[in-house]
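Asker: Sharing a structure with you now.
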Amino acid sequence: MKAIYPGSFDPITYGHIDIVKRASKIFDSVTIVLMNNPRKNPLFSIDERFKMIKESTKEFKNVNVKVHTGLLVQYVKTSSVKIVIRGLRALEDFEYEFEMALTNRQMCPELEMVYLMTDLKYLFVSSSMVKEIAQFGGELNKWAPPIVEKELRKKFQR
Ligand code: ADP
């Protein structure tokens, strides 16, 4: 069985990678779908994010990366893969994900969401947290892979 893992990945963190790793053990193949949503005002361009995802997931042989512009349901409708993985951290994630799952299901009833629980180590890791740490020149090696650390340092000149 195949699954997709959508997100903004601005940038990818060890929290995301932990979910990718778990998913890659459960499913035959996992496609990370990098959602291109310019309204989110991302720090990294799509190409930069794509490159960081590729590099930091290359050890997983059944994982690949695609870019999608538009709604998740539009991607799912044109794809044969109907299983969508999301990661869950704290309660705020639950509320947001619950709302999104129910909305998506109304638009695309064949879509099924699968939630994987974060590792305790990554409970508080988010792309925004990593960006904030980088902005002030803090240690990043526990939260993001080396390529992300390097790109963040370049962005913030720290
Ligand atoms: P989006 O804008 O779609 O929420 P993100 O890149 O922020 O995109 O997140 C993509 C998915 O990864 C979401 O399901 C999110 O909950 C999950 N995720 C992000 N950080 C972590 C983490 N530290 N542990 C587990 N899941 C995470």
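Asker: Please determine, by comparing only the residues of region 17-31 that are in a helix (DSSP H, G or I) and among the β-branched types (Val, Ile, Thr), which one is farthest from the ligand (Cβ to nearest atom).
Answerer: Within region 17-31, the match that is farthest from the ligand (Cβ to nearest atom) is Ile26.
Asker: Show the residue pairs that are 6+ apart or on different chains and have beta-carbon atoms under 8 Å apart, the first residue being within region 91-109 and of a type outside the set (S, T, N, Q), the second being in a helix (DSSP H, G or I) and more than 12 Å from the ligand (Cβ to nearest atom).
Answerer: Partner pairs satisfying both residue conditions: Met107/Val73; Cys108/Val73; Cys108/Val76; Cys108/Lys77.
Asker: Scan region 40-55 for residues that are farther than 9 Å from Pro11 by Cβ and more than 11 Å from the ligand (Cβ to nearest atom) and jot them down.
Answerer: Answer for region 40-55, where residues must be farther than 9 Å from Pro11 by Cβ and more than 11 Å from the ligand (Cβ to nearest atom): Asn41, Ser45, Ile46, Asp47, Phe50, Lys51, Lys54, Glu55.
Asker: Something else about it: When you scan region 48-79, how many residues do you find that are in a helix (DSSP H, G or I) and touching a strand residue (DSSP E or B) at 6+ places or on another chain (Cβ under 9 Å)?
Answerer: 8
Asker: Search region 102-128 for residues being under 16 Å from the mean Cα position of the chain (by Cα) and more than 9 Å from the ligand (Cβ to nearest atom), and hand back the single one that is farthest from Leu72 (Cα to Cα). Steps first, answer last, please.
Answerer: Initially, region 102-128 is screened for residues under 16 Å from the mean Cα position of the chain (by Cα), giving 113-119, 122-128.
If we keep only those that are more than 9 Å from the ligand (Cβ to nearest atom) too, we end up with 113-114.
Working: Met113: 11, Val114: 14 Å.
Once the filter is applied, the top-ranked residue is Val114.
Asker: What tally of residues in region 2-15 results from selecting those that are at positive phi and more than 8 Å from the ligand (Cβ to nearest atom)?
Answerer: Count: 0.
Asker: Right, here's the next one. Within region 80-158, considering only helices (runs of 4 or more DSSP H) that don't extend past its boundaries, which have at least 1 residues that are modelled with pLDDT under 95 and either closer than 16 Å to Asp10 by Cα or in contact with a Gly (Cβ under 7 Å, 6 or more places away or on another chain) (or both)?
Answerer: It comes to 127-135, 146-156.
Asker: Mind checking which residues of region 110-139 are within 22 Å of Ser29 (Cα to Cα) and not β-branched (Val, Ile, Thr)?
Answerer: Listed by number, the residues that qualify are Glu110, Leu111, Glu112, Met113, Tyr115, Leu116, Met117, Asp119.
Asker: Shifting gears a bit: Keeping to region 5-33, report how many residues are buried (at least 19 other Cβ atoms within 10 Å of the Cβ), over 17 Å from Asp93 (Cβ atoms) and either more than 10 Å from the chain's Cα centre (by Cα) or not aliphatic (A, V, I, L, M) (or both).
Answerer: Residues meeting the conditions: 5.
Asker: So, one more: Could you please let me know if Leu34 is at pLDDT 95 or above, assigned to a loop (DSSP other than H, G, I, E, B), within 13 Å of the ligand (Cβ to nearest atom) and in contact with a helix residue (DSSP H, G or I) (Cβ under 7 Å, 6 or more places away or on another chain)?
Answerer: On the way: at pLDDT 95 or above: yes; assigned to a loop (DSSP other than H, G, I, E, B): no; within 13 Å of the ligand (Cβ to nearest atom): yes; in contact with a helix residue (DSSP H, G or I) (Cβ under 7 Å, 6 or more places away or on another chain): yes.
It is false that Leu34 is at pLDDT 95 or above, assigned to a loop (DSSP other than H, G, I, E, B), within 13 Å of the ligand (Cβ to nearest atom) and in contact with a helix residue (DSSP H, G or I) (Cβ under 7 Å, 6 or more places away or on another chain).
Asker: Would you confirm whether any residue within region 59-68 is farther than 11 Å from Ile32 by Cβ and either within 15 Å of the chain's Cα centre (by Cα) or among the hydroxyl-bearing types (Ser, Thr, Tyr) (or both)?
Answerer: no
Asker: Can you work out which of the residues in region 58-84 that are of a type in the set (A, V, I, L, M) and more than 18 Å from Asp28 (Cα to Cα) is surrounded by the most Cβ atoms within 10 Å (Cβ to Cβ)?
Answerer: Leu72
Asker: Is it fair to say Ser127 is surrounded by fewer than 17 Cβ atoms within 10 Å (Cβ to Cβ) and small (Gly, Ala, Ser)?
Answerer: Taking the combined requirement at face value, the residue does not satisfy it.
The values are calculated or read from the model by the stated rules, or taken from the named source; none is laboratory data. Since the structure is predicted, the reported quantities are computational estimates derived from the model, not experimental observations. Quick reminder, even Gly has a Cβ in these numbers, built from the backbone with ideal geometry, and neighbours come from all protein chains shown.
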